[in-house]
1. Could you grab me the full set of residues in the range 63-83 that are assigned to a loop (DSSP other than H, G, I, E, B), out of contact with any Ser or Thr (no Cβ under 9 Å at 6 or more places or on another chain) and open to solvent by less than 90 Å² (accessible area, probe 1.4 Å)?
2. Which one of the conditions (1) in contact with a Pro (Cβ under 7 Å, 6 or more places away or on another chain); (2) without any contact (Cβ under 8 Å) to a residue 40 or more places away in the chain does Ile49 fail to meet, given that it meets all the rest?
3. Check Ile86 against each of (1) open to solvent by less than 70 Å² (accessible area, probe 1.4 Å); (2) modelled with pLDDT of 95 or more; (3) over 19 Å from His13 (Cα atoms); (4) not small (Gly, Ala, Ser) and name the one condition it does not meet.
4. Can you pull out the helices (runs of 4 or more DSSP H) entirely within the range 7-54 that have at least 2 residues that are modelled with pLDDT of 95 or more and closer than 18 Å to Glu70 by Cβ?
5. Leu24: open to solvent by less than 30 Å² (accessible area, probe 1.4 Å), within 30 Å of Ile86 (Cα to Cα) and touching a helix residue (DSSP H, G or I) at 6+ places or on another chain (Cβ under 7 Å), yes or no?
6. Take the range 27-44 and flag every residue that is among the aliphatic types (A, V, I, L, M) and buried (at least 16 other Cβ atoms within 10 Å of the Cβ).
Amino acid sequence: MLGEVIKSLRVSHNLNQVQLAEKLGVSKQTISNWENNNILPSIEMLVRISKFFSVSTDFLLELDTRNYIEVTGLSPTHLAHIQQIINDILDSR
């Protein structure tokens, strides 16, 4: 559910509800209500959440469970290094 996804992203970014609320310009109670699935964020807020966490709205809505890493602006050399690290991690599983 959307609330669980938001909470998981918040926790993985080491944020408490107050901190996330400040970042998004909402109250702590709003974050709590989202995470408990009492209310849903507006479409505008859904877009803000997705931009803040660098995930797609499809990811938030669990329509696409793929993970992405934002690499815009990195050089081809940096991208190659990151790809090698990813390959090494996948090979070690």
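The values are calculated or read from the model by the stated rules, or taken from the named source; none is laboratory data. Since this is a predicted model, take the numbers as computed values, not measurements. Virtual Cβ from ideal backbone geometry, glycine too; neighbours counted across all protein chains shown. These accessible areas exclude ligands, DNA and RNA; they are computed on the full protein's heavy atoms, side chains included. Shrake-Rupley method; radii C 1.70, N 1.55, O 1.52, S 1.80 Å.
1. Quick first cut of the range 63-83, residues assigned to a loop (DSSP other than H, G, I, E, B) only: 63-75.
Of the ones still in play, those that are also out of contact with any Ser or Thr (no Cβ under 9 Å at 6 or more places or on another chain) are 65, 67, 71-75.
Val71, Gly73, Leu74, Ser75, listed by residue number.
2. The one condition Ile49 does not meet is (2).
3. (2)
4. Details: elements: 17-24, 28-35, 43-53.
Passing ranges, in order: 43-53.
5. Working: open to solvent by less than 30 Å² (accessible area, probe 1.4 Å): yes; within 30 Å of Ile86 (Cα to Cα): no; touching a helix residue (DSSP H, G or I) at 6+ places or on another chain (Cβ under 7 Å): yes.
Judged against the criteria, Leu24 is not a match.
6. Let us first name the residues in the range 27-44 that are among the aliphatic types (A, V, I, L, M), namely 31, 39-40, 43.
Residue satisfying the conditions is Ile31 alone.
Per-residue answers, yes or no, for (1) hydrophobic (A, V, I, L, M, F, W, C); (2) surrounded by fewer than 16 Cβ atoms within 10 Å (Cβ to Cβ); (3) closer than 23 Å to Thr72 by Cα:
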{"site": "Ile6", "(1), (2), (3)": "yes, no, no"}
{"site": "Asn14", "(1), (2), (3)": "no, yes, no"}
{"site": "Val47", "(1), (2), (3)": "yes, yes, yes"}
{"site": "Ser50", "(1), (2), (3)": "no, no, yes"}
